[in-house]
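Let me begin by presenting the structure, written as structure tokens, before commenting on it.
The values are calculated or read from the model by the stated rules, or taken from the named source; none is laboratory data. This structure is a prediction, so every number in the text was calculated from the model and none was measured. As a convention, Cβ positions derive from the backbone with ideal geometry for all residues, glycine included, and neighbour counts pool all protein chains shown. Remember, those area values only see protein heavy atoms, side chains included, never the ligands or the DNA or RNA. Shrake-Rupley method; radii C 1.70, N 1.55, O 1.52, S 1.80 Å.
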Amino acid sequence: MRTFAKSTIGFASAGILMAVLAGCSTDAATTSSSSAPSSSSSSSATPEAPLASIPSLSGVDTAVLLDADFAAALGTLGLTPGVIGGATLEEGSLHFPITGGNVDYYDPNGTVRPYVQGTLEHEGSGFSLTAGDTVVELTNFTIDPGTSELFGDVAVNGESAATQVKVFDLYGGTLKPLQMDGDNAILTGTTVHISADAAGLLNTTFGTDAVADQLLVGIATITVATK
């Protein structure tokens, strides 16, 4: 990333971030997966070089401004949220530091699908939901930019319940234009929704049916350092 010219950095950041949050890949609308994120292998018969690559991502973070109705629902269910590891809760937003990953951006008019491939990793952070003696922890989030899905590890009372299961779906219908803050590229406006897998696990664990598939969690803002 540091070897890119500024014009290339801007292009790559815009294309990659738009794909991550808006799901602009043509496959994102039709891909359904509850397993680990996809690899960066191309389905093209003839190898095609990416237009831009970020071989090693680091900083800054993915933040989710919690929706008021979601916060109210937690209260109704008697669930208390908390942060884990490097995550923070600031002014109603959960922040998860970007710790790694890599992204390739291919020509949208070419043959490679999805045309944005790779991962954005958030190792060592997450959040918890607590009710009485029951604690559910969701950690180590991974965003798959090719499918606009967020995966994570789930533990119940300290015991692993699932590894890199699909936790959230991302929808970019309200995405705002790319902004720059110094050397950081910022996109905000994508909505974050609880996946069917996560809703089922939470309902089973807490003995309720109130956590609905695609329940709105909040609005995402992803900030990526361009150098």
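Scan 185, 199 and give me the residue that is open to solvent by less than 20 Å² (accessible area, probe 1.4 Å), in contact (Cβ under 8 Å) with a residue 12 or more places away in the chain and closer than 19 Å to residue 72 by Cα.
199
Listed here are the residues, each with its yes/no results for (1) in contact with a Cys (Cβ under 8 Å, 6 or more places away or on another chain); (2) under 13 Å from residue 60 (Cβ atoms).
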| residue | (1), (2) |
| --- | --- |
| 89 | no, no |
| 96 | no, yes |
| 103 | no, no |
| 116 | yes, no |
| 124 | no, no |
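Please determine, by comparing only the residues of segment 41-74 that are touching a strand residue (DSSP E or B) at 6+ places or on another chain (Cβ under 8 Å) and among the charged types (D, E, K, R), which one is modelled with the lowest pLDDT.
If we take residues in segment 41-74 being touching a strand residue (DSSP E or B) at 6+ places or on another chain (Cβ under 8 Å) and among the charged types (D, E, K, R), then 69 is modelled with the lowest pLDDT.
Working only within segment 152-173, note down all residues that are part of a loop (DSSP other than H, G, I, E, B) and either modelled with pLDDT of 95 or more or open to solvent by 60 Å² or more (accessible area, probe 1.4 Å) (or both). First the steps, then the outcome.
Just the residues of segment 152-173 that are part of a loop (DSSP other than H, G, I, E, B), to begin with: 157-158, 172-173.
Within segment 152-173, 157, 158, 173 meet the criteria.
Step by step: first the residues of segment 99-121, then only those that are over 12 Å from residue 48 (Cα atoms) and among the hydroxyl-bearing types (Ser, Thr, Tyr), then the one that is surrounded by the fewest Cβ atoms within 10 Å (Cβ to Cβ). Which residue is that?
Going through the qualifying residues, I end up with 99.
Each row is one residue, and each column tells you yes or no for (1) within 11 Å of the chain's Cα centre (by Cα); (2) hydrophobic (A, V, I, L, M, F, W, C); (3) not in a strand (DSSP E or B).
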site	(1), (2), (3)
126	no, no, no
135	no, yes, no
175	no, yes, yes
197	no, no, yes
203	no, no, yes
